[in-house]
Amino acid sequence: MCLRTIFSCALLLLTLLLPSASASSKSKFQLYIVYMGEKKHDDPTMVTASHHDVLTIVLGSKDEALKSIVYSYKHGFSGFAAMLTKSQAEALAKFREVVSVKANIYHELHTTRSWDFLGLEYNQPPQQPGGLLQKAKYGEDVIIGVVDTGIWPESRSFDDNGYGPVPARWKGTCQAGQEFKATNCNRKIIGARWYSKGVSEELLRSEYTSPRDMHGHGTHVASTIAGGQVRGVSYGGLATGVARGGAPRARLAIYKVCWVGRCTHAAVLAAIDDAIHDGVDVLSLSLGGAGFEYDGTLHAVQRGISVVFAGGNDGPVPQTVTNAVPWVTTVAASTIDRSFPTLMTLGSDEKLVGQSLHHNASAISSDFKDLVYAGSCDPRSLALSNVTGKIVFCYAPAAAAITPPRLALPLAINYTMEAGAKGLIFAQYAANVLGRLTACNGIMPCVLVDFEIAQRIFSYGVIAESPVVKVSPTKSVVGNGVLPPRVALFSSRGPSPLFPGILKPDVAAPGVSILAAKGDSYVLFSGTSMACPHVSAVTALLKSVYPNWSPAMIKSAIVTTASVTDHFGMEIQAEGVPRKVADPFDFGGGQIDPDRAVDPGLVYDVDPREFNSFFNCTLGFSEGCDSYDLNLNLPSIAVPNLKDHVTVRRTVINVGPVEATYRVAVAAPSGVEVYVDPSIISFTRSSSRNATFMVTFTARQRVQGGYTFGSLTWSDGSTHLVRIPVAVRTVIQEFVADTS
């Protein structure tokens, strides 16, 4: 999330007027989050009482403290959100019990075919051994918490027919509200909460004040994770198939923290705190981060809860990945093997193909229509052309260099509709913006073309005296004719500007044109918000197979078994300007491979308590943080400041055959020598399951350089390839970026 967005969202924060305050003092009050670390009492009421006591000292009376407090975090950790003045917040920050005080911020919200594409086949042929889905019993009774915009419980994806009783360990509740009764929960949706404190009345008036999902984002995410099988669904006849989640027998716990697409940090923390108490196994958050996401999630991980985050939608710009703390899994978005070709026939009878989502036959004429060129399709260009009743052709390469397609396309759609056009052909240099075309549906056909196709249309328009074009209905194409996966253009890229020593994102998963539930229907959404639930579901399946594995072990299994090549054996590419071979800052370990993740051979584990030192580093409480980052036992290595040489330590745990020998294979980053000691590790029945090795990186050239990439892979020569990504930047001076 960019600083400009944070600033603009901060202006929307609720300011609560205490009875004794004057009208002129309203603007002085702001919602602050006071984090107090580990709770000092097991009794939640005593934790809350301690919050009241601290506030009473600052505000002068317990009555004022009770009026000020918005949320009390009392289950997984200690802290509270309260309406305070700046001076009151500064006073609280001086208390010995207080770890940090931060102003509240808003987070942004960051489908059928995707699970088959990943190899998680629901009905495995009898002659084949079962994959992860079957070994995990389809996620039976794993509880997944979804922190998002709520849920539409009537969707067929959440039918609880055939489910047993709610797991006895569940401690949550079903919180009623507007258009949502306690009976809307069932044996599938076993709990639902909503968090409206600290949200403006203006936003609440546009929403259901209940767990019910007005936006549709949360329902889409939840059904992608754990929706049951629903046959014959489509998006207006496109992408027809069986909709299902990756862990279709898992249970869902819903935490609504977002209102009209805005999600307050205070509410997210309250949801995480409640989820820890309720007993979830996995937390899925398809929310943008702003650097403040780590305080609550660390406590969840320390209690054995795996936390999965979307990595953000600000790609392909480098250093835009969010939610980059090391204890969570951060997800990039990739494409699947499905496309939506749309045939266009020019008056010259030349046939060209673009991409569209247009499915309304009544809005598509079988006749040719006049074709008019309108440059960038801004209001001035459209005003100079007579576009009423015609198909408008938008082609402006120079403007595309200034305004990216994801921003230019929605504007072009709005302007051409207002001008009375009957269709749009939009030229752009990037894929993955199909989702922006939904605004056209039912009104007019809108087709995306690349610059090569656009030039052919332009050349035809120059020659033809009266250029015309016919747009045919869109088709769905799946399978080997479509080259997947590719890292989506919009997927945020590393390195993390906050934590350059932590390689992010961790892994990529399908996030483009994903079909899942929204209300009573099914729609196509794109974003890392759609990729995140794919990894959340696989995490839940692994937790079902290995209930005693830590969150770090599960994350390691996912990252080290991810693929860096596509189904044809070619290197996976990343959409960009231009498209390139994907590197770890695009997709971490690679594209998620669920069936390989169930048998990783070796895993990298981290005692969650070790993350406390990293957390203290984020608060400025520790020294030697660079060295600490390097030696966190993560399934990746990032060396952001290599001057001469550095040695890092890693430890693997053998979770495969008891007797095994692994040999290392190193793909060294360009300009860097890599030495691994030992280069062979062996496990026997009488030996430890753990093996530690050292990796020394030596700069071969003294330059102030950019990042180069490589990998380190342990192979047992047969079944297991345990690969971790490596990113290294050589420097002469620290705190200086690439001088080129």
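Among the numbered conditions (1) buried (at least 20 other Cβ atoms within 10 Å of the Cβ); (2) over 18 Å from the mean Cα position of the chain (by Cα), the only one that Arg231 does not meet is (1).
Can you find a residue that is touching a strand residue (DSSP E or B) at 6+ places or on another chain (Cβ under 6 Å) and more than 30 Å from Gln30 (Cβ to Cβ) anywhere in segment 191-205? Yes: segment 191-205 contains one or more residues that are touching a strand residue (DSSP E or B) at 6+ places or on another chain (Cβ under 6 Å) and more than 30 Å from Gln30 (Cβ to Cβ). Looking only at residues in segment 135-180 that are among the small types (Gly, Ala, Ser) and within 19 Å of Thr219 (Cβ to Cβ), the one that is surrounded by the fewest Cβ atoms within 10 Å (Cβ to Cβ) is Ala176. The set of residues in segment 181-204 being assigned to a loop (DSSP other than H, G, I, E, B) and either hydrophobic (A, V, I, L, M, F, W, C) or open to solvent by 20 Å² or more (accessible area, probe 1.4 Å) (or both) consists of Lys181, Cys185, Asn186, Arg187, Ser196, Lys197, Val199, Ser200.
Please work out if Val233 is of a type in the set (A, V, I, L, M, F, W, C), modelled with pLDDT under 95 and in contact with a strand residue (DSSP E or B) (Cβ under 9 Å, 6 or more places away or on another chain). Judged against the criteria, Val233 is a match.
For segment 445-455, the criterion of being touching a strand residue (DSSP E or B) at 6+ places or on another chain (Cβ under 6 Å) and assigned to a loop (DSSP other than H, G, I, E, B) is met by at least one residue.
Annotation note: Cβ proximity below 9 Å between a residue of segment 503-530 that is over 13 Å from Val487 (Cα atoms) and a residue that is open to solvent by 10 Å² or more (accessible area, probe 1.4 Å) and of a type in the set (Asp, Glu) (sequence gap 6+ or interchain) occurs for Gly519/Glu154; Asp520/Glu154. Among the residues of segment 75-92, those identified as aliphatic (A, V, I, L, M) and under 34 Å from the mean Cα position of the chain (by Cα) are Ala81, Ala82, Met83, Leu84, Ala89, Leu92.
Looking only at residues of segment 184-207 that are out of contact with any Lys or Arg (no Cβ under 9 Å at 6 or more places or on another chain) and modelled with pLDDT of 95 or more, we find that the one that is farthest from Ile69 (Cα to Cα) is Asn186. Scanning segment 315-356 for residues that are of a type in the set (D, E, K, R) and surrounded by fewer than 23 Cβ atoms within 10 Å (Cβ to Cβ), which turns out nearest to the chain's Cα centre (by Cα)? Looking at the filtered set, the residue picked out is Asp337. When Val462, Val468 are checked against the criterion of being open to solvent by 70 Å² or more (accessible area, probe 1.4 Å), modelled with pLDDT of 90 or more and more than 21 Å from Ala333 (Cα to Cα), Val462 stands alone in meeting it.
Report yes if Thr565 is hydroxyl-bearing (Ser, Thr, Tyr) and more than 21 Å from Trp115 (Cβ to Cβ), otherwise no. No.
Flag: Ser711 matches the condition of being within 21 Å of Lys504 (Cα to Cα) and open to solvent by less than 40 Å² (accessible area, probe 1.4 Å). Considering segment 701-725, the residues that are more than 20 Å from Ile554 (Cβ to Cβ) and aliphatic (A, V, I, L, M) include one that is modelled with the lowest pLDDT, namely Val703. Ser513 falls short on exactly one of the conditions (1) within 20 Å of Ser715 (Cα to Cα); (2) in contact with a Lys or Arg (Cβ under 8 Å, 6 or more places away or on another chain); (3) surrounded by 24 or more Cβ atoms within 10 Å (Cβ to Cβ); (4) not hydrophobic (A, V, I, L, M, F, W, C), and that condition is (1). Only one entry in Pro678, Pro669 is at pLDDT 95 or above and open to solvent by 40 Å² or more (accessible area, probe 1.4 Å), namely Pro678.
Among the residues of segment 370-401, those identified as more than 39 Å from the chain's Cα centre (by Cα) and open to solvent by 50 Å² or more (accessible area, probe 1.4 Å) are Asp370, Ala383, Leu384, Asn386, Thr388. Ser61 - would you say it is within 28 Å of the chain's Cα centre (by Cα), among the polar types (S, T, N, Q) and either over 19 Å from Phe615 (Cβ atoms) or open to solvent by less than 70 Å² (accessible area, probe 1.4 Å) (or both)? Here the answer is no, as Ser61 does not meet what is asked. Check whether at least one residue in segment 75-89 is of a type outside the set (A, V, I, L, M, F, W, C), touching a Pro at 6+ places or on another chain (Cβ under 9 Å), open to solvent by less than 40 Å² (accessible area, probe 1.4 Å) and modelled with pLDDT of 90 or more, and report yes or no. Taking every residue of segment 75-89 in turn, at least one turns out to be of a type outside the set (A, V, I, L, M, F, W, C), touching a Pro at 6+ places or on another chain (Cβ under 9 Å), open to solvent by less than 40 Å² (accessible area, probe 1.4 Å) and modelled with pLDDT of 90 or more. For segment 472-510, a residue qualifies if it is out of contact with any Lys or Arg (no Cβ under 8 Å at 6 or more places or on another chain), assigned to a loop (DSSP other than H, G, I, E, B) and of a type in the set (Val, Ile, Thr), and the qualifying residues are Thr474, Ile502. Residue count for segment 588-612, restricted to those that are under 18 Å from the mean Cα position of the chain (by Cα) and open to solvent by 10 Å² or more (accessible area, probe 1.4 Å): 2.
Identify all residues within segment 571-585 that are open to solvent by less than 20 Å² (accessible area, probe 1.4 Å) and assigned to a strand (DSSP E or B); write none if there are none. Within segment 571-585, just Ala574 meets the criteria. With respect to the conditions (1) open to solvent by 20 Å² or more (accessible area, probe 1.4 Å); (2) modelled with pLDDT of 90 or more; (3) within 30 Å of Ala597 (Cα to Cα); (4) in contact with a helix residue (DSSP H, G or I) (Cβ under 9 Å, 6 or more places away or on another chain), Arg486 lacks only one, and its number is (4). Taken together, the residues in segment 226-240 that are within 20 Å of Leu437 (Cβ to Cβ) and of a type outside the set (Phe, Trp, Tyr) amount to 7. Within segment 647-666, does at least one residue satisfy the condition of being among the aromatic types (Phe, Trp, Tyr) and in contact with an Asp or Glu (Cβ under 8 Å, 6 or more places away or on another chain)? Scanning segment 647-666, I find at least one residue that is among the aromatic types (Phe, Trp, Tyr) and in contact with an Asp or Glu (Cβ under 8 Å, 6 or more places away or on another chain), so the answer is yes. Applying a threshold of 8 Å to beta carbon distances and a minimum spacing of six or more residues, or different chains, the list of pairs starting in segment 653-676 at a residue that is on the phi > 0 side of the Ramachandran plot and ending at one that is surrounded by 13 or more Cβ atoms within 10 Å (Cβ to Cβ) and among the hydroxyl-bearing types (Ser, Thr, Tyr) reads Gly671/Thr708; Gly671/Thr730.
The values are calculated or read from the model by the stated rules, or taken from the named source; none is laboratory data. Keep in mind that this is a model prediction, so the values were computed, not measured. Using ideal geometry, Cβ is built from the backbone for each residue, glycine included, and neighbour counts are taken over all protein chains shown. Accessible surface is based on the protein model in full, side chains and every heavy atom, while ligands, DNA and RNA are left aside. Shrake-Rupley method; radii C 1.70, N 1.55, O 1.52, S 1.80 Å.
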